[in-house]
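One structure below.
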2 protein chains.
Amino acid sequence: MVAVARHDAILRELELRGSLAITQLSKRLDVSAMTLRRDLAELESRGLLVRVHGGAVSTAVAKQQERGSGSAGAMARRPVATIGMIAPTANYYFPQVIRGASDAARELNCRLVLGTTNYSEREELRQAERLIAGGVDGLMITPHNGLVEGSPLHELLIDAPVPVVVVERGVDERIAGRIESVRSDHAYGAELAVRHLVERGHGRIALAAREAATTPWLLDGYERTMARLGLAGHVRFRSLPTPAVGADSAIDALERFYDECVQHEVTAALMLGDVDSMAFADLVIERGLRIPEDFALVAYDDEFSAFAAVPLTAVAPPKHDLGYAALRLCFDRVRQHEHAGHAVTRMSLLPTLVERESTRSA
Amino acid sequence: MVAVARHDAILRELELRGSLAITQLSKRLDVSAMTLRRDLAELESRGLLVRVHGGAVSTAVAKQQERGSGSAGAMARRPVATIGMIAPTANYYFPQVIRGASDAARELNCRLVLGTTNYSEREELRQAERLIAGGVDGLMITPHNGLVEGSPLHELLIDAPVPVVVVERGVDERIAGRIESVRSDHAYGAELAVRHLVERGHGRIALAAREAATTPWLLDGYERTMARLGLAGHVRFRSLPTPAVGADSAIDALERFYDECVQHEVTAALMLGDVDSMAFADLVIERGLRIPEDFALVAYDDEFSAFAAVPLTAVAPPKHDLGYAALRLCFDRVRQHEHAGHAVTRMSLLPTLVERESTRSA
DNA sequence: TTGAGAACGCACAAACATGAACATCTGGAG
DNA sequence: CTCCAGATGTTCATGTTTGTGCGTTCTCAA
């Protein structure tokens, strides 16, 4: 590789990504790190880049950085837009989504205003009104029951003076209208899990889930995949009750689920929620079965699955990316707002499966 | 190999890659390094290239490098990435998609390289190989039959060293993998049309479509909506033949479709393709019916619908936005390439309905 | 604050590219 | 058939570029 070609590659990389790491680029271009350092030194002397420890950044990025720290935030750019986000809770599932949105907000230099509703419809409405009245430029919302036609929330959002993106919930097809959505494809997540178990030789696979927004999707993907693989006869779905706060009545339900599994000679299960899954795994082991030899388990959610006594194979919904993509979409709409129309976008992101001990094949 | 041929090869190489290395080219052309040096010396004296240690660079690149040392602004105009796009045709439907992609490319300062395949599977494979070998940074492709598991194209794309976005076609769910897609929701488009007609009092609605990639989706949305509205009993689907080029045998099929409509007391139709729809509208009027009073018509596609004798209400697939969104997605992936993973994204864009005379309610 | 690990850059060695001089090849004219 | 001119290949002394070992410096996290 000729020196100029390397220089070209370096500058291209900088323009495309804003920065480069010597170790990575040296692998990609198949030249030694020293050579790259010499190249960077030369290009820096020509004012084409700025060297930093580990690599280099483009002059544009360097300037921005300087401005940012130089006047210690006095010159910090004012946010270009304010995006409201309404989530049912900030305890479960959503923290990651919020973090994704917040990462995107930082990148796009816009402000994120958060409201939570504790799964109350009235609260959703109130928060939405508050944010819109408060002058947000765009709104991201997760109505806990989806957006139903004719509901007051629907009326409000359909006429909202700002773009609205529904996050992680469906939009009734009849409404469609201008409301866009970004969501995970949980049916696909269930499919992933079932296929994973089938590949490991399981034919009798059960599903357990408490009532949650994702449950219907999970059930859908589960049944569809079982049917497609010719295992429909063994479908076992168990709806777990949501225990009252503080009560550990969930254990009862898990025990009943376990008994059913034994009774129907089920050898593997997919269970919604990794906390429940961990409790269930403990129960299974307590009853004298080995995981994964006698019973395989896939958790649907991946917050703590890695930390179970037997690390659990888990389906990880793309929470971070979800928030990130939703905020970007919302921001795009704010920017285009008065420009020519655009097609209504429905985005779905696919979960991934992380294999751990609870399904390692024999 | 004669001197002129070598000179030609040298200049071609420079134009393609911007620079060349003597050792590599001497192997490839099977001539000694000395000969190449003499060639380069001559071509340099003619001002056709600039020699550097180890090889040569094109004058364009050399100038850019030189100017680069003066002002950093010079490099702003060089494309930061090259995105390949493979479409089955550039005559029908895709021109708009391509325009959308090209608009996005301009905004993002990247180069778009287009290949068309004339609906040939071999050609799809060949073009994809060519573009990847040619060093594109990302690839957008519309395989005419979708991406089928196990096909050579699938094998190629799944292992491609660059991000791949499938445009306006499905990706087999089992494949999923890392391949992303952007597409129109044609089922929703059909739903839009049917609902529009039902709102205007029609109960017996027919669908006509020739064999095309969108046909199954149209049929799906049509049947689903008819069923949901309790009109399932009146489903009439007519598959039109694709006429040979030049022949106007399509008229026969349209006549048969018309007869069927009359026979079943159908009062409205959704027809794929606005050219066919226009021909059909003419035929209906010729037979003495009035549009929209006696018969309502919605065209699926909106290139020329506005220019029919009776301007046609049409469903407009979001072609421009499709290309735009696909290129942006692809570009994003190129930028993130080696950074942390991201969730696989499936985007669907909703068509819109443009109301015109052919369905104005009485 | 400290320490592990990564990145840095000097100095030297190895590898490689260069071009002059000379050897070899080729095809056509004498 | 021989010779010759021009093109191409080879050798080698020289200059340039690249890779490596190693002590120093930097960064991040405990």
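The values are calculated or read from the model by the stated rules, or taken from the named source; none is laboratory data. What you see is a predicted model; the values in this text were computed from it and never measured. Glycine also receives a Cβ, built like all others from the backbone with ideal geometry; neighbour counts cover every protein chain displayed.
Before moving on, here are some points about what is shown:
- When B:199, B:223, B:191 are checked against the criterion of being surrounded by fewer than 22 Cβ atoms within 10 Å (Cβ to Cβ) and touching a helix residue (DSSP H, G or I) at 6+ places or on another chain (Cβ under 8 Å), B:223 stands alone in meeting it.
- Note on segment B:46-59: among residues that are within 8 Å of another protein chain (Cβ to nearest Cβ) and part of a loop (DSSP other than H, G, I, E, B), the one that is farthest from DNA strand D (Cβ to nearest atom) is B:54.
- Exactly one residue out of B:132, B:158, B:86 is in contact with a helix residue (DSSP H, G or I) (Cβ under 7 Å, 6 or more places away or on another chain), more than 14 Å from chain A (Cβ to nearest Cβ) and β-branched (Val, Ile, Thr): that is B:86.
- Selection status of residue A:51, modelled with pLDDT of 90 or more, closer than 25 Å to residue B:22 by Cβ and within 16 Å of DNA strand C (Cβ to nearest atom): no
- Some residue of segment A:326-349 being within 19 Å of the chain's Cα centre (by Cα) and free of Cβ contacts under 8 Å to residues at least 40 places away in the same chain: no
- Breaking point among (1) at pLDDT below 85; (2) away from chain B (no Cβ under 13 Å), for residue A:22: (1)
- Within segment B:39-64, residues that are under 16 Å from residue B:26 (Cα atoms) reach partners that are among the charged types (D, E, K, R) and within 16 Å of DNA strand D (Cβ to nearest atom) with beta carbons closer than 7 Å, at six or more positions or on different chains, in the pairs B:39/B:6; B:40/B:51; B:51/B:44.
- All conditions but one from (1) out of contact with any helix residue (DSSP H, G or I) (no Cβ under 7 Å at 6 or more places or on another chain); (2) within 14 Å of chain B (Cβ to nearest Cβ) apply to residue A:264; the one that does not is (2).
- Residues that are among the charged types (D, E, K, R) number at least 2 in the following helices (runs of 4 or more DSSP H) confined to segment B:88-195: B:94-108, B:121-133.
- Residue ID - nearest to the chain's Cα centre (by Cα), chosen from residues in segment B:3-48 that are within 12 Å of DNA strand C (Cβ to nearest atom) and of a type in the set (D, E, K, R): B:27
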